[in-house]
Amino acid sequence: MDYKDKILRLKKEKNAITLAHFYQIPEIQDIADFIGDSLGLAQKASEVNADMIVFAGVHFMAETAKMLNPNIPVILPDLDAGCSLADSCPIDEFKEFKKKYPDHMVISYINTTAAIKTETDIVCTSGNAVQIVESLPKDQKIIFAPDKNLGGYINRVTGRNMVLWDGTCEVHDILSTEAIFKMKEENPDAKLIAHPECNAPVLELADFIGSTTAMLKFTQSDDSKKYIVATETGIIHQMQKNSPDKEFLVVPSDETCSCNDCPYMKLNTMEKLYLALLNEKPSISLEAEIIEKARKPIQRMLDISKELKLI
Ligand code: 13P
Ligand code: SF4
């Protein structure tokens, strides 16, 4: 029996649900009960009716699922699956930073630790960040953390002047305009689609900017046949599956490969997923007090997203 069959059998036996992000390896995406971007995954986690969640993603995503489902185990196949954005915003430094802007509210990207969420007014994802900011009065002063690229993009789109925490995603920030110009020259018929975690010069070149789900939807509805994709390699699996007649080229992180993998997302393997289901560990554990505080800005995000019909 291969891992796929073993996982499917155990999932049924244990009444477990598997949630996976688009940056997971194709085999994991194919056995998941739900695949999505961070917003879709948070929404799905808020509706779970199962005895266990196995999260094929990174730590902050599993933590979010735990906050929304405190009474069932949430399993993450590799606890080392972190995130450079979440790591770029340590709680003590953030608290000091916040003190400098006492009249500002805090919007934080979902890519943060539970501790940062306890210091946050509204959580957002790349799928709803612009709309959440726009739902607030124009004169509302805002701290945006931790992604300065996403924050800068929102400032440009909305005309706001949010104070930005100086964090980046190492997987997106590394993508260069040089690599893109080279690809455009070789593929003049291709459109560039980019994730807002990319740096500003890359975003300036893009024909479309959006979350992983938004990029995927764009490639399904748009009439171009070829795309240069500025995000993590994993999304190509769904793009290719949904549009088999189109061509997708990932912007490489360096000259040694034609890929751009997130080292944290790619820590999850089919074997680890199987063992995690079997042993029901490693699991996410959070203090009740943290859950209570950190859940509020997540719930606020979900409520606003529902009101705005984004989910
Ligand atoms: P989305 O899938 O929500 O666009 O986020 C991308 C990402 O970097 C998740 O870690
Ligand atoms: Fe974090 Fe970037 Fe990896 Fe997403 S792609 S998990 S933001 S390091």
Mean projected area (nm²) from the convex hull of Cα positions in region 1-99 is 7.3
For region 21-76, the dipole about the Cα centre with charges only on Cβ (Lys and Arg +1, Asp and Glu -1), to the nearest 20 debye, works out at 160
By a straight-distance test (C-alpha under 12 Å), which aspartates and glutamates pair with Lys11 as possible cross-link partners, with residues fewer than eight away in the same chain excluded? Asp33, Asp51, Glu280
Could you compute the FRET efficiency for Ser258 and Lys309, with r as their C-beta to C-beta distance and R0 at 41 Å, rounded to 0.05? 0.60
Looking at the chain, I'd like the Rg to Rh ratio, where Rg is from alpha-carbon atoms and Rh is Kirkwood's inverse mean 1/r. 0.96
Using only the C-alpha atoms of region 198-261, find the volume of their convex hull and express it per residue in Å³. 88
To the nearest 0.05, the calculated FRET efficiency linking Met105 and Asp80 through their beta-carbon distance, R0 being 45 Å, is 0.85
Take the alpha carbon atoms of region 159-200, find their center, do the same for region 28-70, and report the distance between the two centers in whole angstrom. 27
Over 20 Å between Cα atoms: which of Lys44/Lys217; Lys12/Lys272; Lys226/Lys266; Lys98/Lys293 fall into that group? Lys226/Lys266
Once the dipole of the chain is set up with Lys and Arg at +1 and Asp and Glu at -1 on Cβ about the Cα centre, which of Ala45, Pro90, Ile174 lies farthest towards its positive end? Ala45
If you count the DSSP beta bridges with both ends in the chain, what percent of them are antiparallel, to the nearest 5? 5
Run the helix sum for the chain: -39,500 (n - 2.57) per DSSP H stretch of 4+ residues, divided by residue count, reported at 222 nm to the nearest 500 deg cm²/dmol. -12500 deg cm²/dmol
Dipole magnitude (debye, nearest 20) for the chain, charges at Cβ of Lys, Arg, Asp, Glu: 860
Quick one: what are the phi-derived ³J(HN,Hα) couplings along region 298-303, Karplus 6.51/-1.76/1.60 with θ = phi - 60°, whole Hz, x for glycine and proline? 6, 4, 4, 4, 5, 5
Order of His237, His21 from fewest to most other C-beta atoms within 10 Å? His237, His21
Which of the trypsin sites (Lys or Arg not before Pro) across region 212-311 are loop residues per DSSP, with 13 or fewer other Cβ within 10 Å? Lys225, Lys309
In region 3-61, which GluC sites (Glu not before Pro) fall in coil by DSSP and have 15 or fewer other Cβ atoms within 10 Å? Glu47
Order of Asp223, Asp87, Asp147 from fewest to most other C-beta atoms within 10 Å? Asp223, Asp87, Asp147
Would you please name the GluC sites (Glu not before Pro) within region 244-311 that are DSSP coil residues with at most 10 other C-beta atoms within 10 Å of their C-beta? Glu255, Glu287
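Read the figures in this text as sums done on the coordinates, not as results from a lab. Please read these numbers as outputs of a predicted model, since none were measured by experiment. FYI the Cβ positions are ideal-geometry reconstructions off the backbone, even for glycines, and counts take in every protein chain you see.
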